[in-house]
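Shown next, in structure tokens, is the structure this report addresses.
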């Protein structure tokens with residue numbers, strides 16, 4: 001007879017309007033029989049690591065045209081994570097495989113369509129948690145923004161907002177490796193120090209201490225910005241538009257400042273797009289998942305020889321996930337925010 | 001001894017803030033000796049046609065980072081026009097040549113750097129005034145936006161704002177020739193009728209009669225917009241962002257609604273750039289003047305066989321130029337606004 005175990009789960013309480021709070025999520029303790037239903041083509045997995053990502057905020061609200069589907073109140077949140085296969089009804093996965101992909105926020109989960117939702121982890125020389133970050137959605141996001149959208153050239157001025165976030169730290173490292181002049185902004189002295197001292201950013205500043213973002217950019221990037229990696233939106237984008245150089249490129253990666261507002265903040269100075277001949281290009285990373293093999297070929301050697309570093313900010317236990325998500329919007333994490341649910 | 005003639009000129013009175021009015025310009029009657037100064041490498045020209053263009057508005061205000069230099073109060077405005085060479089000190093131009101390019105708003109002008117400012121008109125089979133429009137800056141603007149920026153594909157949904165303006169009418173014709181579904185907006189019933197009945201737009205609407213531009217676009221482009229030719233900015237751009245389809249392209253050509261405002265109107269819904277994977281690309285047409293030979297090769301046969309039509313809205317006499325410019329911002333013209341200063 002199959003083992004019955006307790007299964008902690010994080011459920012969405014109700015659709016969220018405005019700022020999200022921990023109380024928007026409910027921690028529930030259920031039980032689960034560790035067995036796939038008869039005839040299932042899915043896999044039963046044990047969750048190891050959860051990836052905490054800003055885009056999830058939009059799924060917590062009701063919207064008909066959410067670019068990813070809204071969560072269902074009363075059901076677990078869903079996000080990226082690393083898991084171990086306990087039982088498989090699918091020919092491409094077997095018991096003992098490690099996988100990453102879209103999983104429920106619950107200790108044990110049945111994934112009905114594993115071929116769509118999961119990737120098998122082939123390289124075990126790096127920590128498994130890296131597949132929530134540098135080897136997962138975060139990493140390929142930075143890779144696409146850098147190589148497919150902006151292609152900074154050596155010597156160009158690159159500005160990265162939310163630079164101490166998981167995508168920002170990778171973009172900074174890619175840009176330095178390319179020979180760019182790199183400016184980053186973040187929300188604390190600790191983060192700014194990290195950018196300058198550990199990651200070799202040429203300039204970094206704490207945006208919370210700047211009353212006038214335009215003036216700050218003029219001070220830290222006096223020659224202007226060729227490439228902007230947009231992670232923030234709103235007032236930051238306005239200030240950037242005033243400081244872009246001719247023929248500049250803006251990669252629209254995310255707008256973290258706009259996720260917890262009821263009405264999207266308007267942006268001035270779009271006339272600059274014309275007068276400065278700018279290109280602003282948005283992308284959604286799952287359109288580019290075919291690039292994973294190429295990306296792994298590039299990044300795995302760089303991780304192993306220490307050229308590119310992965311920075312993780314780990315909380316322990318599924319019960320810490322709601323605080324981790326809410327904390328991310330308050331800028332609490334440095335690097336990739338990970339929840340360690342179980343260590344195998 | 002050289003002939004001395006009267007020379008009407010339109011001077012900028014002072015830098016303009018907000019809405020421009022006819023009284024911002026002064027009509028002055030000077031005299032001029034029809035002779036180049038000793039040793040000049042320039043050309044003396046007689047102005048025939050003036051092109052009235054929205055971008056000129058930005059030159060009427062003081063700004064250090066105007067993308068084209070501000071006009072000088074007390075001096076004539078400067079814009080595109082067609083002229084005849086009366087005397088030349090430059091080896092590439094000779095007396096009797098017809099030219100188009102940047103000229104002063106005055107009946108007779110000395111152009112000091114004709115190789116930079118003027119193009120020689122080689123094809124005389126089309127009316128000379130066409131070089132203010134379809135064969136001048138207007139034409140190449142539409143060509144670049146269409147071919148270099150957006151490249152609409154057959155069957156795509158193309159929306160053009162200010163569609164009865166000179167650039168808009170060309171874009172509509174290019175798009176119909178490509179086999180696109182074309183929607184246009186303009187500011188009067190007369191213009192809307194012209195778009196639908198004369199130029200075969202699939203849909204057209206009067207934006208002034210629409211309280212809710214988002215709702216209007218949903219009604220006229222229920223399937224959404226693949227390609228938007230942006231001539232307007234502000235609230236129109238907001239409504240378009242809500243109605244773009246995935247992977248849509250926006251060419252930033254101009255933002256006529258933003259020229260006469262003191263503070264640029266902010267734009268919401270930029271998050272759509274990311275969620276819908278949009279590309280918004282601005283350009284300034286004089287970066288692309290190397291394309292003129294290729295453009296003429298394409299467009300001249302189409303004009304001559306009647307496939308593409310040039311629409312002109314002509315005022316008579318240099319004294320009508322201030323009203324023509326002010327009227328353009330009130331949407332008075334249909335097609336290319338031209339001032340006929342002299343007919344050779």
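Since every read-out is calculated from the coordinates, none of them should be taken as a lab result. Remember, predicted model here, so these are calculated numbers, not experimental data. Please note: Cβ atoms are built from the backbone with ideal geometry, for glycine as well, and neighbour counts cover all protein chains shown.
Kirkwood radius, segment B:122-218, all distinct C-alpha pairs, inverse of mean reciprocal distance: 14.0 Å. Each residue in B:100, B:105 was given a count of other beta-carbon atoms within 10 angstrom of its own, and listing them fewest first yields B:100, B:105.
Fewest to most neighbouring Cβ within 10 Å: what's the order for B:125, B:287, A:117?
Values: B:125 7, B:287 12, A:117 17.
So the ranking, lowest neighbour count to highest, is B:125, B:287, A:117.
Among residues of chain B, the one whose Cβ lies closest to the rotation axis carrying chain B onto chain A, together with that distance rounded to whole Å, is B:266, 2. Comparing A:165, A:233, A:179 in a Gaussian network model of chain A where C-alpha atoms under 10 Å apart are linked, the largest mean-square fluctuation is found at A:179. Which of rounded, prolate, oblate describes segment A:256-344, given a ≥ b ≥ c as roots of the alpha-carbon gyration tensor eigenvalues and a/c under 1.5 marking rounded, otherwise prolate only if a/b is larger than b/c? Judged from the Cα gyration tensor, segment A:256-344 comes out oblate (a/c at least 1.5, b/c at or above a/b).
Once you reduce segment A:89-152 and segment B:214-251 to the center of their Cα atoms, the two points are 35 Å from each other. Each of residue A:329 and residue A:62 was given a label point 7 Å from its Cα along the Cα-to-Cβ line. The distance between the two points is 1.8 nm. In the assembly of identical copies, residue B:72 has its label point, taken 7 Å from Cα in the direction of the beta carbon, separated from the corresponding points by 7.3 nm (ascending, one decimal). Using only the C-alpha atoms, the convex hull of segment A:276-327 corresponds to 208 Å³ per residue. The angle separating the long axis of helix B:166-178 from the principal Cα axis of greatest extent in chain B is about 50 degrees.
Let me make sure I get this right: for segment A:1-151, a, b and c are the square roots of the gyration tensor eigenvalues over alpha carbons, sorted descending. Under 1.5 in a/c it's rounded, otherwise prolate if a/b > b/c, else oblate. Which is it? Since a/c reaches 1.5 but b/c is at least a/b, the shape of segment A:1-151 is classed as oblate. By other beta-carbon atoms within 10 Å, ranking B:286, A:90 with the fewest at the front produces B:286, A:90. Across the identical copies, the label point of residue B:31 (7 Å from Cα in the Cβ direction) is separated from its matches by 11.1 nm, in order from shortest. For segment B:137-286, the relative contact order is 21 percent, taking Cα pairs closer than 8 Å that sit 6 or more residues apart in sequence and dividing their mean separation by the residue count.
Quick check on segment A:137-286: what are the equivalent-ellipsoid semi-axes from the Cα gyration tensor, as sqrt(5λ), descending, whole Å?
Semi-axes (√(5λ), whole Å): 19, 18, 17.
With the simple spin-label model, which puts each label point 7 Å out from Cα in the Cβ direction, the residue B:17 to residue A:14 separation comes to 5.0 nm. Of all the options B:29, B:70, B:166, the one that moves most in a Gaussian network model of chain B with Cα springs shorter than 10 angstrom is B:29.
Label positions at residue A:124 and residue B:115, each projected 7 Å from the Cα along the C-beta direction, are separated by 7.2 nm.
In terms of overall dimensions, segment B:249-299 has a Cα radius of gyration and Dmax of 15.5, 42 angstrom. Geometric descriptor of the protein assembly as shown, per residue, is 177 Å³ (volume of the convex hull of the Cα atoms). Taking the label point 7 Å along Cα→Cβ, residue B:116 and its counterparts in the other copies are spaced 6.1 nm apart, in ascending order. Using the rule -39500 (n - 2.57) for each DSSP H run of four or more residues, divided by the residues of the protein assembly as shown, the 222 nm mean residue ellipticity is -6000 deg cm²/dmol. Rounded if a/c is under 1.5, else prolate if a/b beats b/c, else oblate: with a ≥ b ≥ c from the C-alpha gyration tensor eigenvalues square-rooted, which is chain B? Prolate, because a/c is 1.5 or more and a/b exceeds b/c.
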